Amino acid sequence: MADTATQSKSGARLTRRALIAGASASGLGAALAAPALAQKLIDLGLPGGPSLRPMEPAFPGKRDMIVQRIRPPLLEAPMDAFREGLITPNDRMFVRWNWDMPTAVKAAEHRVAVGGAVKAPVSLTLDDIAAAGEHVEVVAINQCAGNGRGLSEPRVTGTQWGNGAMGCAKWTGVRLKDVLAKAGVKEGATRVRFAGLDVPLTDGAPQFIKSIPMDIAMRDDVLVAWGMNGEALPLLHGYPLRIVVPGWFSTYWVKMLSTIEVLTGEDDSYYVAKSYRIPARPITPEEKDFDTVSITTMPPRAFITSHADGGVVARGKPVTLEGIAMGGDAALAKVDLVGDGWEVPCTLGPDEGPYAFRRWSVTIPQVAQDLANIGVRAANATGAVQPEALNWNPSGYARNVIERITLRAQ
Ligand SMILES: Nc1nc2c(c(=O)[nH]1)N[C@H]1C(S)=C(S)[C@@H](COP(=O)(O)O)O[C@H]1N2
Ligand SMILES: [Mo]
């Protein structure tokens, strides 16, 4: 819902130019100061609507990013961000804010309130958080639940992302369970809910708050993080603190964390009870009557990063294809290059843990003809395998159909 907000507070429809002017005039601040009009356009190959997007180099701390929206910012990484290594540099990490983001945070004054069903509510400084427990590093993929949504057929509503609403970083922080221990969780706790400093643009709209079940909150790798690839979290990524839930879509990775609330019942807040939900069973686009469940864990996915659709390869010569893959909520087990009726296993690169990207490569000894409709198919340790057909749902969540391209032999 918030995804599609293209209207200003006054309800006037904004042109791109007005948006940019508005961004500077309304004191959005240094962090998002009037990005220059982008000259470069990129084609995301979206089947159901306008496919061109500006490439924008002017966001603070970012190299060229695909601008899906300026305010609140929605920036997508171009696929060339994933061509090397398995860590996504901070300046290529996608950005997503549902509502306006604060453009300055005073670290010394920042507090995290831990309350709800706890023995003694506390208000923690950044130093308190840092001292709450052992410092932990986790390499984990930050992926929007709507990543690749723009490729859905039939088209669905929401940000028309290509596949660049993802990235893999090394996150540093303390365990959420150690922070919770500062307040002491009461018997009967069911979920832990998070809020950040951002508030809705429109009056009466729900705040972006999200919760996770207690057993997930108590996991050893679920963090209150302040570090991203060895640097302080950039403002765009939630300075000074964010939640990290490895293996879960990053809608739960609340940024600019300011409140932790222990719940004893269900969470009936908008972004849990009404939004970020998928059909409880597979449906067809025509079906309207179905139960829904919250989107939670990520399924396996793989991408070719060495070649783009329509690329040219040398006939009669060997070709090496490369890319990245992820297991989702479990370790990656295997990646296969698949064509029409054939498949070849790929070699996997360094393993940075179950929640990280892993590189894959495969060499075709001699290209005889066009490589038509080739794709890579990942499988994870629980046996989940990428499907041949799109798992279509009305919000385009959790896309993990095998992505196919065609390479021309010349
Ligand atoms: N405070 C806050 N945290 C948030 C959001 C938000 O709007 N506000 N969006 C969530 C969603 S939907 C996504 S996909 C991730 C994006 O994280 P990133 O911008 O660091 O890539 O942040 C999550 N955390
Ligand atoms: Mo998201």
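The values are calculated or read from the model by the stated rules, or taken from the named source; none is laboratory data. Small disclaimer: the values here were computed from a predicted structure and weren't measured. Here Cβ is always computed from backbone atoms with ideal geometry, including for glycine, and neighbour counts include all displayed protein chains.
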- So which pairs qualify, if the first residue must be in region 94-107 and under 27 Å from GLY162 (Cβ atoms), the second must be in a loop (DSSP other than H, G, I, E, B) and near ligand 1 (Cβ under 6 Å from one of its atoms), the Cβ gap must be under 6 Å, and the two must be at least 6 apart or on different chains? ARG96/CYS144; ASN98/PHE208; TRP99/ASP198; TRP99/PHE208; MET101/ASP198
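Show me the strands (runs of 3 or more DSSP E) found entirely inside region 336-410 where at least 1 residues are surrounded by 14 or more Cβ atoms within 10 Å (Cβ to Cβ) and polar (S, T, N, Q).
Numbers: elements: 343-345, 358-364, 371-380, 404-409.
Passing ranges, in order: 358-364, 371-380.
Looking only at residues in region 232-250 that are of a type outside the set (D, E, K, R) and part of a strand (DSSP E or B), which one is surrounded by the fewest Cβ atoms within 10 Å (Cβ to Cβ)? Give the derivation first.
If we filter region 232-250 for residues that are of a type outside the set (D, E, K, R), which is where we start, we get 232-241, 243-250.
Pick out the ones that are also part of a strand (DSSP E or B) and you get 232, 243-244, 248.
Working: ALA232: 14, ILE243: 26, VAL244: 26, TRP248: 23.
It comes out as ALA232.
Between PRO154, PRO246, PRO234, PRO213, which is closer than 21 Å to THR103 by Cβ and in the same structural domain as ALA113 (by TED's automatic domain parsing)?
Working: PRO154 fails: closer than 21 Å to THR103 by Cβ; PRO246 fails: closer than 21 Å to THR103 by Cβ; PRO213 fails: closer than 21 Å to THR103 by Cβ.
Checking each option against the conditions leaves just PRO234.
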- So LEU75 clears everything in (1) assigned to a strand (DSSP E or B); (2) over 29 Å from PHE357 (Cβ atoms); (3) not β-branched (Val, Ile, Thr) except one condition, right? Which one? (2)
- Query: Hey, LEU46 hits all of (1) hydrophobic (A, V, I, L, M, F, W, C); (2) within 30 Å of VAL138 (Cα to Cα); (3) at pLDDT 85 or above; (4) assigned to a loop (DSSP other than H, G, I, E, B) but one; which does it fall short on?
  - Reply: (2)
- Query: If you take the residues in region 108-150 that are away from ligand 2 (no atom under 16 Å from the Cβ) and closer than 23 Å to ARG96 by Cβ, which one is nearest to the chain's Cα centre (by Cα)?
  - Reply: VAL139
- Message: Looking only at strands (runs of 3 or more DSSP E) that lie completely in region 251-313, which have at least 1 residues being away from ligand 1 (no atom under 16 Å from the Cβ), within 30 Å of GLY349 (Cβ to Cβ) and touching a residue at least 12 places away in the same chain (Cβ under 8 Å)?
- Response: 301-304
- Residues of region 86-114 that turn out to be at pLDDT below 95 and away from ligand 1 (no atom under 16 Å from the Cβ), as a count: 0
- Could you tell me whether any residue of region 258-279 is under 19 Å from PRO89 (Cα atoms) and surrounded by 16 or more Cβ atoms within 10 Å (Cβ to Cβ)? no
